[in-house]
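Undergrad: Handing you this structure, nothing more for now.
FYI, it's all coordinate maths here, none of it is from the lab. These figures come from a predicted structure and were not determined experimentally. Cβ atoms come from the backbone with ideal geometry, glycine included; neighbour counts cover every protein chain shown.
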């Protein structure tokens with residue numbers, strides 16, 4: 001079945017550091033891929049998405065590229081801020097399923 | 001304006017009790033969902049309704065019963081609560097049964113003692 005694997009956290013960075021959170025997926029067909037973010041005490045918010053191979057999703061300085069050859073959708077940001085501290089979820093939709101399948105989430109803690 | 005709202009935000013109750021969580025969305029979406037997030041932040045879908053019709057029903061104990069009185073509301077009733085039901089429950093909505101861009105509520109933290 002479809003699944004998403006993310007790097008385990010927590011990821012602790014200093015402000016202005018470069019961020020990468022790895023995400024790989026297993027799916028039949030051609031799923032759409034997403035990153036959701038959950039700030040402390042809140043629900044999840046869609047951060048960015050990519051619907052086909054080689055698409056790049058971007059938002060708020062975050063980027064991720066849909067790589068079909070490596071089945072990956074790694075999240076990157078060039079310079080993180082304290083306000084980026086949150087849990088980040090990689091997710092996929094489609095292929096053989098009509099459900100959003102989430103990874104286990106990665107906690108990012110950015111220190112001043 | 002709150003897009004997806006849930007009540008209550010916190011719910012503390014004893015084993016064996018019956019409780020309900022309510023969800024409302026004002027986005028005009030026709031599909032709503034319930035998710036359970038455990039203590040390790042793992043998020044799993046429980047149910048989904050499209051135009052008041054149940055379309056996703058994961059392997060969930062039948063003590064959990066969703067009800068959708070209209071497209072804008074999806075409630076979750078839980079009978080005979082158990083310790084293992086303690087979690088954060090999220091409601092979400094989207095446009096279309098195959099809508100992947102989902103909007104989440106703030107969550108209801110349920111603690112069963």
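Undergrad: Sequence gap at least 6, Cα distance under 8 Å: using those rules, report the relative contact order of chain A to the nearest whole percent. Write down the numbers at each step before the final one.
TA: Values: 304 pairs, mean separation 42.3, N = 112.
The normalised contact order for chain A reaches 38 percent.
Undergrad: Another question, if that's okay. Could you let me know the centre-to-centre spacing of the stretch A:1-65 and the stretch B:33-110, using Cα atoms, in angstrom?
TA: Computed from Cα coordinates, the inter-centre distance equals 22 Å.
Undergrad: Take residue B:55 and residue A:28, extend 7 Å from each Cα along the Cα→Cβ direction, and tell me the distance between the two endpoints in nm.
TA: Using points 7 Å along Cα→Cβ, the separation is 2.0 nm.
Undergrad: Right, here's the next one. Which of B:59, B:31, B:13 moves the most in a Gaussian network model of chain B with Cα springs under 10 Å?
TA: Of B:59, B:31, B:13, the most mobile in the Gaussian network model is B:59.
Undergrad: Report, as a whole number in µm² per second, the diffusion coefficient that Stokes-Einstein gives for the stretch A:1-107 at 4 °C and 1.567 mPa s using the Kirkwood radius over alpha carbon pairs. Mind showing how you got there, number by number?
TA: Working: Rh = 13.8 Å.
In µm²/s, the coefficient rounds to 94.
Undergrad: Sequence gap at least 6, Cα distance under 8 Å: using those rules, report the relative contact order of chain B to the nearest whole percent. All intermediate terms of the calculation are to be shown ahead of the outcome.
TA: Numbers: 286 pairs, mean separation 41.9, N = 113.
RCO, chain B: 37 percent.
Undergrad: P(r) for chain B: what percent of alpha-carbon pairs falls in each 10 Å bin, starting at zero?
TA: The distribution over chain B is 15, 51, 29, 5, given as percents.
Undergrad: Okay, next question. Could you grab the relative contact order for the stretch B:1-66? Cα pairs under 8 Å, six or more apart, rounded to a whole percent.
TA: Values: 69 pairs, mean separation 14.2, N = 66.
Computed over the stretch B:1-66, the figure is 21 percent.
Undergrad: Kirkwood hydrodynamic radius, the protein assembly as shown, all distinct C-alpha pairs: what's the number in Å?
TA: Numbers: mean 1/r = 0.0553 Å⁻¹.
Here the Kirkwood hydrodynamic radius works out to 18.1 Å.
Undergrad: Here's something else I'd like to know. Using the Kirkwood radius over Cα pairs, work out the Stokes-Einstein diffusion coefficient for the stretch B:1-59 at 37 °C and 0.692 mPa s, in µm²/s as a whole number. Don't jump to the answer; show the numbers that get you there.
TA: Details: Rh = 13.4 Å.
Translational D for this selection: 244 µm²/s.
Undergrad: Out of every Cα-Cα pair in the stretch A:1-59, what percent are more than 19 Å apart? Don't skip to the answer; put the middle values down first.
TA: Details: 745 of 1711 pairs.
Counting pairs separated by more than 19 Å, the tail of P(r) holds 44 percent.
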